[in-house]
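Visitor: What follows is a structure written as C-alpha coordinates; I'll ask about it next.
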Amino acid sequence: MRQVTLGTTGITVPQNGFGALPIQRVTKAEAVELLRAAYEGGMRYFDTARAYSDSEEKLGEAFHGMWDKVYLATKTHAKTPEGFWQDLETSLRLLQTDCIDVYQFHCADQCWRPGDGSGMYEAMLAAKQQGKIRHIGVTAHKIKVAFECVESGLYETMQFPFSYLASEQEIKLVKLCKEKNVGFIAMKGLAGGLINRSEAAMAYIAQYDNVLPIWGIQREQELGEWLSYMQETPAMDAELAAYIENEQKELSGEFCRGCGYCMPCPAGIMINQCARMSLMLRRAPSKAWLTPAMQAEMKKIEGCLNCRKCTTKCPYELNTPELLRKNYEDYKKVLAGEVTV
(Lines give C-alpha, C1' and ligand atoms only; values in the text may rest on other atoms or scores of the structure.)
Protein backbone atom coordinates (compact mmCIF):
# COMPACT_ATOMS: atom_id res chain seq x y z
CA MET A 1 0.00 0.00 0.00
CA ARG A 2 1.12 3.55 -0.80
CA GLN A 3 2.52 5.70 1.99
CA VAL A 4 1.05 9.22 2.11
CA THR A 5 2.77 12.28 3.57
CA LEU A 6 0.45 14.97 4.91
CA GLY A 7 1.88 18.12 3.37
CA THR A 8 4.49 19.90 5.46
CA THR A 9 3.72 17.94 8.63
CA GLY A 10 6.14 15.15 7.80
CA ILE A 11 3.50 12.66 8.93
CA THR A 12 3.87 9.65 6.63
CA VAL A 13 1.42 6.77 7.02
CA PRO A 14 -0.26 4.06 4.94
CA GLN A 15 -3.09 5.42 2.77
CA ASN A 16 -5.59 3.79 5.10
CA GLY A 17 -6.62 5.73 8.21
CA PHE A 18 -9.03 4.96 11.05
CA GLY A 19 -12.02 7.24 11.60
CA ALA A 20 -13.03 6.86 15.24
CA LEU A 21 -16.47 8.50 15.19
CA PRO A 22 -18.34 5.14 15.05
CA ILE A 23 -16.59 3.61 18.07
CA GLN A 24 -18.75 5.79 20.33
CA ARG A 25 -21.52 3.28 19.50
CA VAL A 26 -19.74 0.24 20.96
CA THR A 27 -18.52 -0.67 24.44
CA LYS A 28 -15.10 0.43 25.64
CA ALA A 29 -13.81 -3.15 25.56
CA GLU A 30 -15.02 -3.62 21.97
CA ALA A 31 -13.53 -0.29 20.91
CA VAL A 32 -10.15 -1.01 22.48
CA GLU A 33 -10.01 -4.42 20.80
CA LEU A 34 -10.91 -2.86 17.45
CA LEU A 35 -8.36 -0.04 17.74
CA ARG A 36 -5.54 -2.36 18.73
CA ALA A 37 -6.43 -4.74 15.90
CA ALA A 38 -6.24 -1.78 13.51
CA TYR A 39 -2.75 -0.98 14.81
CA GLU A 40 -1.63 -4.60 14.55
CA GLY A 41 -2.95 -4.65 10.99
CA GLY A 42 -0.85 -1.65 9.99
CA MET A 43 -3.05 1.41 10.47
CA ARG A 44 -1.14 4.34 11.93
CA TYR A 45 -3.42 7.40 11.65
CA PHE A 46 -6.37 7.70 14.02
CA ASP A 47 -8.91 10.52 13.84
CA THR A 48 -11.37 11.53 16.56
CA ALA A 49 -12.96 14.68 17.99
CA ARG A 50 -14.09 16.22 21.24
CA ALA A 51 -17.63 16.10 19.80
CA TYR A 52 -17.59 12.29 19.40
CA SER A 53 -18.84 11.62 22.96
CA ASP A 54 -16.50 8.98 24.48
CA SER A 55 -14.38 8.25 21.38
CA GLU A 56 -11.33 10.07 22.77
CA GLU A 57 -11.56 8.16 26.04
CA LYS A 58 -11.59 4.85 24.19
CA LEU A 59 -8.56 5.86 22.11
CA GLY A 60 -6.77 6.85 25.29
CA GLU A 61 -7.49 3.46 26.80
CA ALA A 62 -6.26 1.67 23.68
CA PHE A 63 -3.06 3.63 23.05
CA HIS A 64 -1.86 5.21 26.30
CA GLY A 65 1.86 4.69 26.60
CA MET A 66 2.26 4.07 22.88
CA TRP A 67 1.32 7.38 21.26
CA ASP A 68 4.84 7.49 19.85
CA LYS A 69 3.85 4.56 17.61
CA VAL A 70 0.75 6.10 15.99
CA TYR A 71 -0.46 9.51 14.85
CA LEU A 72 -3.40 11.14 16.57
CA ALA A 73 -5.78 13.77 15.24
CA THR A 74 -8.61 15.34 17.19
CA LYS A 75 -10.75 18.43 16.91
CA THR A 76 -12.41 21.30 18.75
CA HIS A 77 -15.77 22.76 17.82
CA ALA A 78 -15.18 25.73 20.13
CA LYS A 79 -16.00 29.24 18.95
CA THR A 80 -14.13 31.10 21.71
CA PRO A 81 -10.56 30.87 23.07
CA GLU A 82 -11.97 29.84 26.44
CA GLY A 83 -13.85 26.97 24.84
CA PHE A 84 -10.75 26.07 22.81
CA TRP A 85 -8.58 25.66 25.91
CA GLN A 86 -11.25 23.74 27.75
CA ASP A 87 -11.62 21.32 24.81
CA LEU A 88 -7.87 20.90 24.41
CA GLU A 89 -7.23 20.14 28.07
CA THR A 90 -10.16 17.69 28.14
CA SER A 91 -8.88 15.94 25.02
CA LEU A 92 -5.35 15.61 26.39
CA ARG A 93 -6.71 14.14 29.63
CA LEU A 94 -9.05 11.64 28.00
CA LEU A 95 -6.51 10.60 25.38
CA GLN A 96 -3.90 10.14 28.11
CA THR A 97 -1.26 12.08 26.21
CA ASP A 98 0.59 15.37 26.56
CA CYS A 99 0.64 16.22 22.85
CA ILE A 100 -1.75 15.86 19.91
CA ASP A 101 -0.22 15.41 16.45
CA VAL A 102 -2.90 17.20 14.41
CA TYR A 103 -5.33 19.53 16.18
CA GLN A 104 -8.16 20.79 14.02
CA PHE A 105 -10.89 23.38 14.03
CA HIS A 106 -13.94 21.16 13.63
CA CYS A 107 -16.46 21.81 10.82
CA ALA A 108 -15.22 25.38 10.40
CA ASP A 109 -17.75 27.81 8.99
CA GLN A 110 -15.06 30.44 8.50
CA CYS A 111 -11.32 30.66 8.02
CA TRP A 112 -9.93 31.62 11.42
CA ARG A 113 -7.00 34.00 10.97
CA PRO A 114 -4.54 35.88 13.20
CA GLY A 115 -5.88 39.32 13.99
CA ASP A 116 -9.51 38.59 13.03
CA GLY A 117 -10.61 39.56 16.54
CA SER A 118 -11.71 36.08 17.59
CA GLY A 119 -8.45 34.96 19.19
CA MET A 120 -9.02 31.45 17.83
CA TYR A 121 -5.97 31.14 15.59
CA GLU A 122 -3.83 32.77 18.26
CA ALA A 123 -5.00 30.02 20.64
CA MET A 124 -3.83 27.39 18.15
CA LEU A 125 -0.43 29.06 17.88
CA ALA A 126 -0.10 29.27 21.66
CA ALA A 127 -0.98 25.57 22.03
CA LYS A 128 1.66 24.72 19.46
CA GLN A 129 4.27 26.89 21.18
CA GLN A 130 3.46 25.18 24.48
CA GLY A 131 4.06 21.77 22.88
CA LYS A 132 0.47 20.59 23.38
CA ILE A 133 -0.13 20.19 19.65
CA ARG A 134 2.26 19.61 16.77
CA HIS A 135 0.31 20.67 13.69
CA ILE A 136 -2.61 23.01 12.98
CA GLY A 137 -5.42 21.65 10.82
CA VAL A 138 -9.02 22.36 9.91
CA THR A 139 -12.04 20.35 8.85
CA ALA A 140 -14.78 21.79 6.66
CA HIS A 141 -17.93 20.83 4.82
CA LYS A 142 -18.45 24.05 2.88
CA ILE A 143 -16.30 24.16 -0.22
CA LYS A 144 -15.80 27.94 -0.19
CA VAL A 145 -14.50 27.83 3.39
CA ALA A 146 -12.21 24.92 2.47
CA PHE A 147 -10.68 26.80 -0.46
CA GLU A 148 -10.16 29.91 1.69
CA CYS A 149 -8.40 27.91 4.40
CA VAL A 150 -6.07 26.21 1.92
CA GLU A 151 -5.29 29.46 0.10
CA SER A 152 -4.57 31.22 3.42
CA GLY A 153 -1.39 29.22 4.07
CA LEU A 154 -2.35 29.04 7.75
CA TYR A 155 -3.26 25.35 7.92
CA GLU A 156 -1.09 22.29 7.51
CA THR A 157 -3.98 19.91 6.85
CA MET A 158 -7.44 20.11 5.31
CA GLN A 159 -10.06 17.49 6.13
CA PHE A 160 -12.99 17.43 3.73
CA PRO A 161 -15.54 14.89 2.39
CA PHE A 162 -14.12 13.07 -0.61
CA SER A 163 -15.22 9.94 -2.43
CA TYR A 164 -15.94 8.80 -5.96
CA LEU A 165 -19.07 10.94 -5.76
CA ALA A 166 -16.90 14.04 -5.55
CA SER A 167 -17.76 17.06 -7.64
CA GLU A 168 -15.29 18.83 -9.92
CA GLN A 169 -14.87 21.47 -7.22
CA GLU A 170 -13.90 18.87 -4.64
CA ILE A 171 -11.37 17.32 -7.01
CA LYS A 172 -10.02 20.82 -7.61
CA LEU A 173 -9.63 21.23 -3.83
CA VAL A 174 -7.57 18.02 -3.64
CA LYS A 175 -5.32 19.25 -6.43
CA LEU A 176 -4.94 22.67 -4.78
CA CYS A 177 -3.85 20.98 -1.55
CA LYS A 178 -1.17 19.11 -3.46
CA GLU A 179 -0.03 22.33 -5.13
CA LYS A 180 0.07 24.20 -1.80
CA ASN A 181 1.60 21.22 0.05
CA VAL A 182 -1.34 21.02 2.46
CA GLY A 183 -2.15 17.53 3.70
CA PHE A 184 -5.55 16.33 2.49
CA ILE A 185 -7.52 14.02 4.78
CA ALA A 186 -10.60 12.48 3.18
CA MET A 187 -13.62 11.96 5.39
CA LYS A 188 -16.89 10.35 4.30
CA GLY A 189 -15.12 8.14 1.79
CA LEU A 190 -18.28 6.01 1.69
CA ALA A 191 -20.53 9.08 1.29
CA GLY A 192 -22.32 8.52 4.58
CA GLY A 193 -23.08 4.87 3.80
CA LEU A 194 -24.34 5.32 0.24
CA ILE A 195 -21.24 3.67 -1.20
CA ASN A 196 -21.38 -0.04 -0.46
CA ARG A 197 -18.36 -1.48 -2.26
CA SER A 198 -15.25 -0.77 -0.25
CA GLU A 199 -12.87 -1.93 -2.99
CA ALA A 200 -14.35 0.66 -5.37
CA ALA A 201 -14.00 3.39 -2.73
CA MET A 202 -10.39 2.39 -2.04
CA ALA A 203 -9.41 2.09 -5.69
CA TYR A 204 -10.79 5.54 -6.45
CA ILE A 205 -8.97 7.28 -3.60
CA ALA A 206 -5.76 5.35 -4.29
CA GLN A 207 -5.52 7.29 -7.56
CA TYR A 208 -4.63 10.41 -5.52
CA ASP A 209 -1.18 10.19 -3.98
CA ASN A 210 -1.77 13.09 -1.57
CA VAL A 211 -5.06 11.88 -0.06
CA LEU A 212 -5.32 10.06 3.27
CA PRO A 213 -8.77 8.47 3.73
CA ILE A 214 -10.09 7.90 7.24
CA TRP A 215 -12.69 5.15 7.14
CA GLY A 216 -15.39 5.19 9.82
CA ILE A 217 -15.04 1.79 11.47
CA GLN A 218 -17.36 0.22 14.03
CA ARG A 219 -17.22 -3.53 13.45
CA GLU A 220 -14.54 -6.19 13.16
CA GLN A 221 -15.85 -7.21 9.73
CA GLU A 222 -15.47 -3.63 8.43
CA LEU A 223 -11.95 -3.38 9.80
CA GLY A 224 -11.08 -6.70 8.16
CA GLU A 225 -12.01 -5.33 4.75
CA TRP A 226 -9.82 -2.25 5.08
CA LEU A 227 -6.89 -4.19 6.52
CA SER A 228 -7.05 -6.69 3.66
CA TYR A 229 -6.12 -3.82 1.34
CA MET A 230 -2.83 -3.28 3.15
CA GLN A 231 -1.27 -6.16 1.26
CA GLU A 232 -3.25 -5.93 -1.97
CA THR A 233 -4.69 -2.47 -2.60
CA PRO A 234 -7.53 -2.47 -5.14
CA ALA A 235 -6.48 -0.84 -8.39
CA MET A 236 -8.75 0.94 -10.81
CA ASP A 237 -9.61 -1.40 -13.68
CA ALA A 238 -12.23 -1.38 -16.41
CA GLU A 239 -14.86 -3.12 -14.28
CA LEU A 240 -14.47 -0.76 -11.32
CA ALA A 241 -14.31 2.29 -13.58
CA ALA A 242 -17.59 1.29 -15.24
CA TYR A 243 -19.19 0.57 -11.88
CA ILE A 244 -18.14 3.97 -10.49
CA GLU A 245 -19.34 5.76 -13.61
CA ASN A 246 -22.77 4.17 -13.18
CA GLU A 247 -22.81 5.11 -9.49
CA GLN A 248 -21.94 8.69 -10.31
CA LYS A 249 -24.86 8.87 -12.75
CA GLU A 250 -27.28 7.31 -10.26
CA LEU A 251 -26.25 9.55 -7.39
CA SER A 252 -25.80 12.80 -9.26
CA GLY A 253 -27.66 15.86 -8.00
CA GLU A 254 -28.73 16.75 -4.50
CA PHE A 255 -28.78 14.04 -1.86
CA CYS A 256 -28.41 13.92 1.91
CA ARG A 257 -25.09 12.51 3.16
CA GLY A 258 -26.50 11.75 6.62
CA CYS A 259 -23.94 13.88 8.47
CA GLY A 260 -26.49 15.10 11.03
CA TYR A 261 -25.30 18.70 11.25
CA CYS A 262 -28.92 19.76 10.65
CA MET A 263 -30.01 18.16 13.91
CA PRO A 264 -31.84 18.51 16.22
CA CYS A 265 -35.10 19.21 14.42
CA PRO A 266 -37.71 21.32 16.28
CA ALA A 267 -40.38 18.92 14.98
CA GLY A 268 -38.43 15.86 16.15
CA ILE A 269 -37.75 14.57 12.63
CA MET A 270 -34.74 12.28 12.24
CA ILE A 271 -33.59 14.37 9.28
CA ASN A 272 -30.24 12.70 8.69
CA GLN A 273 -31.97 9.37 7.96
CA CYS A 274 -35.37 10.46 6.66
CA ALA A 275 -33.98 12.86 4.04
CA ARG A 276 -32.06 10.04 2.35
CA MET A 277 -34.57 7.22 2.85
CA SER A 278 -35.19 6.60 -0.86
CA LEU A 279 -31.50 5.94 -1.44
CA MET A 280 -31.07 3.77 1.65
CA LEU A 281 -34.08 1.62 0.68
CA ARG A 282 -32.34 0.85 -2.59
CA ARG A 283 -28.71 0.70 -1.50
CA ALA A 284 -28.93 -1.15 1.82
CA PRO A 285 -31.04 -4.08 3.07
CA SER A 286 -34.49 -2.46 2.94
CA LYS A 287 -36.03 -4.50 5.77
CA ALA A 288 -34.33 -2.42 8.46
CA TRP A 289 -35.73 0.78 6.96
CA LEU A 290 -39.33 -0.48 6.84
CA THR A 291 -39.80 -1.39 10.50
CA PRO A 292 -42.72 0.09 12.51
CA ALA A 293 -40.19 2.28 14.32
CA MET A 294 -38.85 3.75 11.07
CA GLN A 295 -42.37 4.16 9.72
CA ALA A 296 -43.14 6.25 12.79
CA GLU A 297 -40.02 8.34 12.19
CA MET A 298 -40.97 8.97 8.57
CA LYS A 299 -44.52 9.93 9.56
CA LYS A 300 -43.07 12.79 11.61
CA ILE A 301 -42.30 14.51 8.30
CA GLU A 302 -46.02 15.37 8.20
CA GLY A 303 -45.33 17.67 11.15
CA CYS A 304 -42.48 19.58 9.44
CA LEU A 305 -42.71 23.23 10.51
CA ASN A 306 -40.93 24.43 7.39
CA CYS A 307 -38.87 26.58 9.77
CA ARG A 308 -35.86 25.91 7.53
CA LYS A 309 -33.43 25.78 10.46
CA CYS A 310 -32.09 22.62 8.86
CA THR A 311 -31.27 24.43 5.63
CA THR A 312 -29.24 27.08 7.45
CA LYS A 313 -27.15 24.37 9.12
CA CYS A 314 -26.74 22.02 6.15
CA PRO A 315 -23.08 22.11 5.03
CA TYR A 316 -24.17 21.05 1.54
CA GLU A 317 -26.78 23.84 1.33
CA LEU A 318 -29.58 21.38 0.50
CA ASN A 319 -33.28 22.22 0.40
CA THR A 320 -33.90 19.78 3.23
CA PRO A 321 -37.67 20.28 3.69
CA GLU A 322 -38.19 19.51 0.01
CA LEU A 323 -35.93 16.44 0.26
CA LEU A 324 -37.94 15.22 3.25
CA ARG A 325 -41.22 15.57 1.37
CA LYS A 326 -39.90 13.73 -1.70
CA ASN A 327 -38.50 10.89 0.39
CA TYR A 328 -41.74 10.57 2.36
CA GLU A 329 -43.87 10.34 -0.78
CA ASP A 330 -41.60 7.62 -2.15
CA TYR A 331 -41.63 5.80 1.21
CA LYS A 332 -45.44 5.70 1.28
CA LYS A 333 -45.47 4.20 -2.22
CA VAL A 334 -43.00 1.51 -1.13
CA LEU A 335 -45.15 0.66 1.91
CA ALA A 336 -48.27 0.50 -0.28
CA GLY A 337 -46.54 -1.86 -2.71
CA GLU A 338 -46.74 0.63 -5.55
CA VAL A 339 -42.94 0.75 -5.79
CA THR A 340 -40.62 -2.24 -5.39
CA VAL A 341 -37.17 -1.91 -3.79
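The values are calculated or read from the model by the stated rules, or taken from the named source; none is laboratory data. Note that the structure is a prediction, hence the values are computed from the model and not measured. Cβ sites come from the backbone with ideal geometry, for glycine too, and all protein chains shown count toward neighbours. To get the accessible areas, we keep the full protein, side chains included, count just its heavy atoms, and leave off ligands, DNA and RNA. Shrake-Rupley method; radii C 1.70, N 1.55, O 1.52, S 1.80 Å.
Visitor: If Lys and Arg each add +1 and Asp and Glu each add -1, what is the summed charge of the other residues whose beta carbon sits under 13 Å from the beta carbon of GLU30?
Guide: Net charge around GLU30: 0.
Visitor: Now, a different point. May I ask for the net charge around PRO81, where only other residues with Cβ less than 13 Å from the Cβ of PRO81 are counted and Lys, Arg are +1 while Asp, Glu are -1?
Guide: -4
Visitor: Give me the percent of the accessible area of segment 275-341 that comes from carbon and sulfur atoms, probe 1.4 Å, all protein chains in place.
Guide: Carbon and sulfur: 55 percent of the exposed surface of segment 275-341.
Visitor: Using alpha-carbon pairs under 8 Å, 6+ residues apart, how would you state the relative contact order of segment 1-137 in percent?
Guide: Once divided by the residue count of segment 1-137, the mean separation gives 19 percent.
Visitor: Could you tell me whether segment 35-88 comes out rounded, prolate or oblate from its Cα gyration tensor? Rule is a ≥ b ≥ c as square roots of the eigenvalues, rounded for a/c under 1.5, then prolate if a/b exceeds b/c, otherwise oblate.
Guide: It comes out prolate by the Cα gyration axes.
Visitor: While we're here: Positive end of the dipole of the chain, charges at C-beta (+1 Lys, Arg; -1 Asp, Glu), about the Cα centre: which of PRO81, ALA123, THR27 has its Cα farthest in that direction?
Guide: Of the listed residues, the answer is PRO81.
Visitor: While we're here: For segment 1-117, just say rounded, prolate or oblate: build the C-alpha gyration tensor, square-root its eigenvalues into a ≥ b ≥ c, call rounded for a/c under 1.5, and beyond that prolate if a/b exceeds b/c, oblate if not.
Guide: The shape class here is oblate.
Visitor: Using the alpha-carbon centroid of each, what span in Å lies between segment 140-160 and segment 165-196?
Guide: Using only Cα atoms to place each centre, the spacing works out to 12 Å.
Visitor: A follow-up question, please. Where does each of 279-286, 51-58 land if you order them by average Cβ count within 10 Å, highest first?
Guide: Result, highest mean Cβ count within 10 Å first: 51-58, 279-286.
Visitor: Separation of segment 4-20 and segment 30-82 by C-alpha centroid, Å?
Guide: Distance between centres, Cα-based: 14 Å.
Visitor: Work out, in µm²/s and without decimals, the Stokes-Einstein translational diffusion coefficient of segment 166-228 at 4 °C, 1.567 mPa s, Rh from Kirkwood over C-alpha pairs.
Guide: 103
Visitor: In degrees, nearest 10, range 0 to 90: what is the angle between the Cα axis of helix 168-180 and the longest Cα principal axis of the chain?
Guide: Helix 168-180 sits roughly 10 degrees off the main axis of the chain.
Visitor: While we're here: Using only C-alpha positions, report the orientation-averaged shadow area of the convex hull of the chain, nm², one decimal.
Guide: 17.4
Visitor: Follow-up question, since we're still on this one. Per residue, how much accessible area does segment 1-155 have with a 1.4 Å probe, in Å²?
Guide: Each residue of segment 1-155 exposes 40 Å² on average to a 1.4 Å probe.
Visitor: Any chance you could give the angle, 0 to 90 degrees and rounded to 10, that helix 143-152 forms with the longest Cα principal axis of the chain?
Guide: 10
Visitor: A further question on this structure: Kindly express, to the nearest 10 degrees and within the range 0 to 90, the angle between helix 120-129's C-alpha long axis and the longest C-alpha principal axis of the chain.
Guide: It works out to around 40 degrees.
Visitor: How high is the relative contact order of segment 93-144, given as a whole-number percent (alpha carbon pairs under 8 Å, six or more residues apart)?
Guide: This gives 52 percent for segment 93-144.
Visitor: Okay, moving on. With θ set to phi - 60°, apply the Karplus curve 6.51 cos²θ - 1.76 cosθ + 1.60 along segment 59-72 and write out the HN-Hα couplings as whole Hz, x wherever there is a Gly or Pro.
Guide: Ordered by residue, 3J(HN,Hα) equals 5, x, 5, 6, 10, 4, x, 9, 5, 6, 9, 9, 10, 10 Hz.
Visitor: Let me ask you something else. In whole Hz, what ³J(HN,Hα) sequence does segment 333-341 give by Karplus (6.51, -1.76, 1.60; θ = phi - 60°), x for Gly and Pro?
Guide: Using θ = phi - 60°, the values come out as 5, 5, 4, 7, x, 7, 10, 9, 10 Hz.
Visitor: Using packing as a proxy for protection, rank 22-28, 73-79, 245-251 so that the peptide with the highest average count of other Cβ atoms within 10 Å comes first.
Guide: Result, highest mean Cβ count within 10 Å first: 73-79, 22-28, 245-251.
Visitor: First select every other residue whose beta carbon is under 9 angstrom from the beta carbon of PRO161; then total the charges, Lys and Arg +1, Asp and Glu -1.
Guide: Its environment carries a net charge of +1.
Visitor: Please compute the contact order of the chain in relative form: average sequence separation of alpha-carbon pairs under 8 Å and at least six residues apart, divided by the residue count, as a percent.
Guide: The value is 16 percent.
Visitor: May I pose another question? Rounded to a whole number, what % of the accessible area of segment 40-164 do carbon and sulfur atoms account for, probe 1.4 Å?
Guide: C and S atoms contribute 48 percent here.
Visitor: In Å², and per residue, what accessible area does segment 162-317 have when probed at 1.4 Å with the other protein chains present?
Guide: 48
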